[in-house]
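Enquirer: Structure below; questions to follow.
Coordinate-derived values only; no laboratory data. From a predicted model like this one, the values you see are computed outputs, not experimental measurements. Neighbour counts run over all protein chains shown; Cβ positions are idealised from the backbone, glycine included.
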Amino acid sequence: MNNSAAAIMRDRGQAALGSLGTRTLVFVGLMGAGKSVIGKMAAAAMAIPFVDSDHEIETVSRMSIADLFERYGEGEFRALEQRVIRRLLKDGPMVLSTGGGAFVSDETRAMIKRRGLSLWLRADLEVLWERVRRRGHRPLLKTDNPKATLAALLEARYPIYAEADLVVRSRDVSKETIVGEVLDAIVEAGSSEGSKR
Ligand code: S3P
C-alpha cells in the first residue's frame, strides 16, 4: 500500500472505531474465510488489538487445536472456546477472530450478541476449498471427503452465521478491498444505530 492509501485506510479505521466504541468486533465464518488475515488488518486500521480465539485456546491449554480435539474431543474444545471468548469479550475495543464453530454454539452466540459486534465473512464453497485444501491442520476436515464435509458444514452453518450483525463477502479481490468493506460496514452500522434512536 502506498502512503496515501495507508492514510485513507487509517481515516476509515478511525471512523469505524468511532462507531465500534468499546465493543469487540467479532469475526465469524467458516474455515478459510479469512477471519484472521482480514481481522488483523482491520485491527491495524483501527489501531486496536487483535486476538485469535484459537490461538488463545492453544496458549491457555498449551496444546494445539488438533491435539485438543484428539485427546479431549470436540465437547471439551467447545467449553474451553466459550470460556476464552467470554473473557475476551470483556476487554474491548479489540478485534476477535473466532474459530468456525464458535458462533454455532447457542451460548457463545448469545454472549457475542450481548457484548460484541459480530461480522460474518461469507465466502462461497469453491473459495473456501481452494484456501483450506492444501493445509491439513483442521481436525474437522480429516475425513474421507473433506470437500463434502466442508459443503455440509456450509449448509448447516450459514443460516446461523446469518444472525451476525454485519456481513461482508470474502472473495478473490485484494485484502485491502475486503478490509475497506469491513470498516465501512461498521461505520454504517453505527449510523443506522443512530437513526434508530
Ligand atoms: C473449527 C474451526 C477452526 C478451529 C477448529 C474447529 C470449526 O478454526 O476452531 O478446528 O468448527 O469450524 P478456523 O475457522 O479458524 O479454521
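Enquirer: Report, by chain and number, residues whose modeled amide H sits under 5 Å from the one on GLY100, excluding near sequence neighbours (fewer than 5 apart, same chain).
Expert: Here MET31 satisfy the definition.
Enquirer: Cross-link partners among lysines for LYS147, C-alpha distance below 29 Å, same-chain residues fewer than 8 apart left out?
Expert: Cα-Cα hits under 29 Å: LYS35, LYS40, LYS175.
Enquirer: Which value, in Å to one decimal place, does the Kirkwood hydrodynamic radius take for the chain when every pair of different Cα atoms is included?
Expert: Result for the chain stands at 17.2 Å.
Enquirer: Follow-up. Which of ARG86, ARG138 has the fewest other C-beta atoms within 10 Å, and how do the rest follow up to the most?
Expert: If I rank by nearby Cβ atoms, fewest first, I get ARG86, ARG138.
Enquirer: Kindly put TRP129, TRP120 in sequence by how many other C-beta atoms sit within 10 Å of each C-beta, fewest to most.
Expert: TRP129, TRP120
Enquirer: So which helices of the chain fit the span-like rule, where a helix is a whole DSSP H run, its Cα atoms reach 20 Å or more along the axis, and its mean Kyte-Doolittle is at least 1.6?
Expert: Result, helices passing both filters: zero.
Enquirer: Moving on. Step by step: find N for the range 12-85, compute 2.2 N^0.38 Å, then divide the Cα radius of gyration by it. What's the final number?
Expert: The range 12-85 yields a ratio of 1.28.
Enquirer: Now, a different point. Where does each of MET1, MET111 land when they are ranked from fewest to most other beta-carbon atoms within 10 angstrom?
Expert: MET1, MET111
Enquirer: Using just the helices of the chain, give the 222 nm mean residue ellipticity in deg cm²/dmol: DSSP H runs with n ≥ 4 each add -39,500 (n - 2.57), and the total is spread over all residues, rounded to 500.
Expert: Calculated from helices alone, the mean residue ellipticity at 222 nm is -19500 deg cm²/dmol.
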